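Read through the structure below, which is laid out as structure tokens, and then see the notes.
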Amino acid sequence: MVNSAVTSYAPAEPATEASALPVTPRGTVSATLLDVLLRGADPGALENLGRAAAARTTDAVRDDDIQLSLLILYALSYGTFDQLGAEHEWSPELVRLRGDLEAAFEAALREQVPVPPTPEPTVPAVADALFALTAEPSGPSLAKFVAKRASREQVVEMLVQRSVYTLREADPHTWAIPRLTGRAKAALVEIQADEYGGGHPERVHQHLYARTLRGMGLSAEYGTYVDHVPAITLASFNLMSMFGLSRRFLGAIVGHLAAYEMTASIPCRLYADGMRRHGIPEEVSHYFDEHVEADAVHEQIAARDLAGALAEDRPELTADIMFGAAACLAVDGAMGEHILRSWKAGASSLVRPLAGEAAA
């Protein structure tokens, strides 16, 4: 299980108009990185900062400076923020920094995440191992709490916490498509086609979630809530970004997607139930209703046709498939634990309160 201790930091002042970026530094690395990207500082200032951050942290998974820096670096490849020029994507200094931070992140995951034994590289064995892994609860159920007990304000917090990934839903896993062949490639394309609306822009899952946010009086602009969420929430998105953007993590990103799809259907039904309990109309909760049926189908494709087929075709990736699945469950479980622990203590799960009508 991922360490549950939360790294504390003093929230910075909101992003300045000059930066025009909805994130503020959480330490030396992210501050220097933003100086380089936004203010033209010498990239040489980044030298050795990643290694220094790795040496000083007690838990890279929950380190605010490391996780925010990784989110910003990955944004260069996604094109998340227009303010970050494309010319920076392959800057040697930034690539080196990313590699140093990823090494710390991976090392922490390898130490903390319990990985089950590697199954035989066959479709039935891998599918059975994934179903057994995902059947075990990774912690208290956030979805059950939302369905039965969460206040409307806590429902809003849940939506804010999920926005860091869900406004880019499916994108991290799509990086794997050109690296796969045959059965596994076809299976991933089948899943992703559904995620992207099957050719209908209004059904793209990212857009459905944006509609949910707007229906709750929240911003649907990506990055608006990065400053509001803790490192473990950033780590959940960074985990799949790291896996998806690196060829060496091909097995891990496949395992991650399998675990994600295999554990989504029931929680989505419970989230929708919690929203309806507060009288939130179905057109706002539709994102979650959409996933109840879709993910029930996707879990079979992901476990058998994607992960199982990849293991049969490339047996050397079987252990990585299981690592990716276990890491998904551990990090997302830790994120849920943080939210529930905060709520049960009568506190917000956010590190900075929402302003204005979004908090209502």
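The values are calculated or read from the model by the stated rules, or taken from the named source; none is laboratory data. What you see is a predicted model; the values in this text were computed from it and never measured. Glycine gets a Cβ as well: all are built from the backbone with ideal geometry, and neighbour counts include every protein chain shown. Quick note on the areas: whole protein, heavy atoms, side chains included, nothing else; ligands and nucleic acids left out. Shrake-Rupley method; radii C 1.70, N 1.55, O 1.52, S 1.80 Å.
Key figures
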{"quantity": "Förster radius 30 Å - calculated FRET efficiency between ARG203 and ILE266 (Cβ-Cβ, nearest 0.05)", "calculated": "0.85"}
{"quantity": "The chain - mean residue ellipticity at 222 nm from DSSP helices (-39,500 (n - 2.57) per run, n ≥ 4, rounded to 500)", "calculated": "-18500 deg cm²/dmol"}
{"quantity": "ASP128 versus ALA186: modelled label distance in nm, points set 7 Å from Cα along the beta carbon direction", "calculated": "2.5 nm"}
{"quantity": "Among 48-55, 318-325, the order from most to least packed when residues are scored by Cβ within 10 Å on average", "calculated": "318-325, 48-55"}
{"quantity": "Surface per residue (accessible, 1.4 Å probe) for the range 204-259, Å²", "calculated": "23 Å²"}
{"quantity": "Rounded FRET efficiency, nearest 0.05, which uses the C-beta distance separating ALA355 from GLU283 and R0 of 30 Å", "calculated": "0.75"}
{"quantity": "Probe 1.4 Å, accessible area per residue of the range 269-360, Å²", "calculated": "39 Å²"}
{"quantity": "Separation of the THR58 and ALA296 label points, Cα + 7 Å toward Cβ, nm", "calculated": "4.5 nm"}
{"quantity": "Percent carbon-and-sulfur accessible area, the chain, ignoring ligands, DNA and RNA, probe 1.4 Å", "calculated": "53 percent"}
{"quantity": "Per-residue ³J(HN,Hα) for the range 95-110, Karplus 6.51 cos²θ - 1.76 cosθ + 1.60, θ = phi - 60°, Hz, x for Gly and Pro", "calculated": "5, 5, 4, 4, x, 5, 5, 5, 4, 5, 4, 4, 4, 5, 5, 4"}
{"quantity": "Computed magnitude of the charge dipole of the range 240-360 (debye, nearest 20; Cβ of K, R +1, Cβ of D, E -1)", "calculated": "580 debye"}
{"quantity": "Extension gain (nm, one decimal) between ARG214 and ALA103, 0.36 nm per residue minus Cα-Cα", "calculated": "36.2 nm"}
{"quantity": "Potential lengthening between ASP273 and LYS344 on full extension [0.36 nm per residue; Cα-Cα distance subtracted]", "calculated": "23.6 nm"}
{"quantity": "GluC sites (Glu not before Pro) restricted to DSSP loop in the range 116-221 with at most 16 other C-beta within 10 Å", "calculated": "GLU221"}
{"quantity": "Accessible surface, per residue, of the range 57-104 when the full set of protein chains is kept, probe 1.4 Å, Å²", "calculated": "36 Å²"}
